[in-house]
Amino acid sequence: MSTGPTRRSVLASGAAVAGGAAVSSLLPPSVHAALARPLPPGGLASIKHVVFLMQENRSFDHYYGTLRGVRGFADRNAIELPDGHPVFEQPGLVRHVKPFLARNAIGHGPLTDVNYIAGLDHSWEGGQKARGDGWHNAWIKAKLMPTMVHYDRRDLPFQYELADTFTVCDAYHSSVFGPTNPNRTYHWTGTIGYEPNGKRAIENDAYSEATHPGYDLTSYAERLSKAGKTWRVYQEWDNFTDNALEFLTTFKQVMRKALPAPHKSLTDFYGAVAKAKPEERKAMLAALDKGVAALSPAERDLFERALRRVESGTLADAFRADVAAGRLPEVSYIVTSAADSEHPSSGSPVQGAGVTYQVLDAIASHPEVWESTALFLLFDENDGYFDHVPPPLPPAAEQGEHADGKPIGLGFRVPMTVVSPWTAGGFVCSEVFDHTSTIRFLERWLGVREPNISAWRRTVAGDLTSAFDFRRPARPQRVPKPATPPKFYFRWPPLPPIVQKGAAPEPGTRPARPLPYRPEASARLSGGTLEITMTEGGTRPSHLALYPYAGEFATPRHFDAAGRHVERVAVPKGRYRLTLTGPNGFRREFAGSASGAAAGAVVTAAGSGSRRLSITLANPGRTPLTFDLKALAYGSAARRVTVAPGKQATVRWTTEHGWYDVRVTVAEDAAFRRRLMGHLEDGKPSVSG
């Protein structure tokens, strides 16, 4: 048993975090000093450096499900499962299982620590099983029970403080229903390749480095070089095979030219270097340098930028040295060691917080660098940990977005926090993103296009610029004092407690970034068909998912609404009940009977620039209808409106910061029900729902 260092000593690496604003904070004092300085308004041109720190294997709910003001365990737009339970109650082997805190799990005690819970299956097949053919109801059967374990602020004070100080993205998805390398390949290239047998590269086959031929893909890093832009991968001798560039054919060829015999991969070579005695180690590194010197200038440049590794334990020092010397490239990719990666099989949240602290401090310690740098803190995939949001899925016609007849992604949500002077203020950004969004941010900033990104990914995922506000740099919000850090022990599998209480999300809201979405939807029954009209009046398409609860069709249907789309659904049994969900809390519920008095009634809604909702009630029938409107949240308003035959009436509905949740029923028809829920965007910052 090892008691290990405290959380604060891991973060500061021996430096005291004290004095002034930082006395109750786990963030570096340099960050507090940087945020206290005035910053003039700017734009994308204000950025000179972008840094990506991609960590390992955590889902959004697993880390931030309890965080206030995000789409976590308090999500009003969570779907219902086919068995009638909420998505937060997953069917288990014996009972339904709710999310549970690691410290409340069976197995937690004096000889275990929440930082060291065990990892889960995160294979392609496991991810496909968990999504339950779109119903999102097979997590426990696919992953076994620890999938529902999660943390809260007490466990992750550093990560929560970062989210409260800067901008957290609560609709950021991994790119693949699968493991690390495919997701990281999307991050570096915008797509995935093919295996020698012709199948898509949806698993970690490339880890067989000595025999795998690599993927014939051009990386975005190479396109940066061609455009005269600077970049570098920062990594140690142990990079946990997390540099996906090493598995592309171009880089593999450079690597094999440079490596001294008998080594066939950098993982093998640097692993041997780490174990060697000092003199032998020196000779091995000299042999590598000789091989690198023999490369062509272009090959040598690729090696130094993408493949060179620094001594174990010096990653943060190497990054800090480049920052201090003015050598920080335009684009930096930080690849941590196994211990620092936050991977549940080799690392921990507190160790990952340690390397993040060092990177933050290196940037913030130099005002000119801080005022020109955007740092993206993200994770590659979810490791099998539960996330309650079903990802957007591609249409069947998008053949390049499918493998083995199944959608490649988007994958499950993972944490993403954007740290910069222009993302301070504790905001949430709820635009849909995935790992191609990191490249698209660079596209917008540097003007270098990535042709590997599919048209569908460009449709469904944004470019991360909505997380920024260059006009109004904000001050960080107050954050609570973090708890006493726990000690380290050994890794353990947390099992659900006997008595299930469910998750306890933090109360409250947070400021929200404006979004490009303006979705709307209504339904009209015509004969035996329900016509659902979906529109998008914003600047980007909305991805919508339609869930059938009365057997209208077998699995949820997905749509990328741009302009207007009408979906016709057969109602063979005379009754229907469907739910349509979309971005940022958008939801429409449709229920009714073909024989009811309100069978032909139509309820439509429209927003205004003043964030007021207009609800129109139409009665095409032959008898009067009495519509009852009731707020299910955001106030307690209730209205009763009688609409004469062949007429319609419009109700003005007051929202809270643009948020609304209204149930509409008809007194003369118990089967008829509509629910209108969402947020009215007006291009201005708002408040989370």
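The values are calculated or read from the model by the stated rules, or taken from the named source; none is laboratory data. Fair warning: this is a prediction, and the values are worked out from it, not measured in the lab. No Cβ is skipped: glycine too gets one built from the backbone with ideal geometry, and neighbour counts run over all protein chains shown. Keep in mind that these areas ignore ligands, DNA and RNA; they rest on the heavy atoms of the full protein, side chains included. Shrake-Rupley method; radii C 1.70, N 1.55, O 1.52, S 1.80 Å.
Screening the range 606-617 for residues that are buried (at least 20 other Cβ atoms within 10 Å of the Cβ) and hydrophobic (A, V, I, L, M, F, W, C) and picking the one that is farthest from residue 519 (Cα to Cα) gives 617. Applying the criterion of at least 3 residues that are open to solvent by less than 10 Å² (accessible area, probe 1.4 Å) and modelled with pLDDT of 95 or more to the strands (runs of 3 or more DSSP E) found wholly in the range 335-446 leaves 373-379, 416-419. Scanning the range 628-645 for residues that are in a strand (DSSP E or B) and open to solvent by 50 Å² or more (accessible area, probe 1.4 Å) gives 630, 632, 638, 639, 640, 642.
In the range 528-553, of all residues being among the small types (Gly, Ala, Ser) and touching a residue at least 60 places away in the same chain (Cβ under 8 Å), the one that is surrounded by the most Cβ atoms within 10 Å (Cβ to Cβ) corresponds to 545.
Applying the set (1) within 25 Å of residue 343 (Cβ to Cβ); (2) touching a residue at least 24 places away in the same chain (Cβ under 8 Å); (3) not aliphatic (A, V, I, L, M) to residue 275 leaves exactly one unmet item: (2). Going residue by residue through the range 564-581, is there one that turns out to be in contact with a Pro (Cβ under 7 Å, 6 or more places away or on another chain) and surrounded by fewer than 19 Cβ atoms within 10 Å (Cβ to Cβ)? Within the range 564-581, none of the residues are in contact with a Pro (Cβ under 7 Å, 6 or more places away or on another chain) and surrounded by fewer than 19 Cβ atoms within 10 Å (Cβ to Cβ). Screening residue 62 with (1) in contact with a helix residue (DSSP H, G or I) (Cβ under 7 Å, 6 or more places away or on another chain); (2) part of a helix (DSSP H, G or I) gives one miss only, at (1). Look through the range 299-332, keep the residues that are of a type in the set (Gly, Ala, Ser), part of a helix (DSSP H, G or I) and under 18 Å from residue 363 (Cβ atoms), and return whichever of them is most open to solvent (accessible area, probe 1.4 Å). Checking each candidate, the answer is 324. Would you mention how many residues in the range 447-467 are in contact with a helix residue (DSSP H, G or I) (Cβ under 8 Å, 6 or more places away or on another chain) and either part of a loop (DSSP other than H, G, I, E, B) or polar (S, T, N, Q) (or both)? Within the range 447-467, residues that are in contact with a helix residue (DSSP H, G or I) (Cβ under 8 Å, 6 or more places away or on another chain) and either part of a loop (DSSP other than H, G, I, E, B) or polar (S, T, N, Q) (or both) number 11.
May I ask you to list the residues in the range 587-605 that are open to solvent by 40 Å² or more (accessible area, probe 1.4 Å) and part of a strand (DSSP E or B)? Once the filter is applied, which keeps residues that are open to solvent by 40 Å² or more (accessible area, probe 1.4 Å) and part of a strand (DSSP E or B), the range 587-605 yields only 604. Considering only residues in the range 248-290 that are open to solvent by 10 Å² or more (accessible area, probe 1.4 Å) and touching a Phe, Trp or Tyr at 6+ places or on another chain (Cβ under 8 Å), the one that is nearest to residue 223 (Cα to Cα) turns out to be 249.
Within the range 24-38, the set of residues being open to solvent by less than 40 Å² (accessible area, probe 1.4 Å) and either of a type in the set (Ser, Thr, Tyr) or not in a helix (DSSP H, G or I) (or both) comprises 25, 26, 27, 28, 30.
For the range 513-572, filtering for residues that are on the phi > 0 side of the Ramachandran plot and outside any strand (DSSP E or B) leaves 2.
Being touching a Pro at 6+ places or on another chain (Cβ under 7 Å) and either of a type in the set (Gly, Ala, Ser) or surrounded by fewer than 19 Cβ atoms within 10 Å (Cβ to Cβ) (or both) is the filter here; which residues of the range 86-107 pass it?
Within the range 86-107, 102, 104, 105, 106, 107 meet the criteria.
Of all residues in the range 231-259, those satisfying the criterion of being under 20 Å from residue 334 (Cα atoms), of a type outside the set (D, E, K, R) and either out of contact with any strand residue (DSSP E or B) (no Cβ under 7 Å at 6 or more places or on another chain) or modelled with pLDDT under 95 (or both) are 237, 240, 241, 244, 251, 255. Among the β-branched types (Val, Ile, Thr) and within 30 Å of residue 253 (Cβ to Cβ): is that true of residue 211 in this structure? So residue 211 fits the description; yes.
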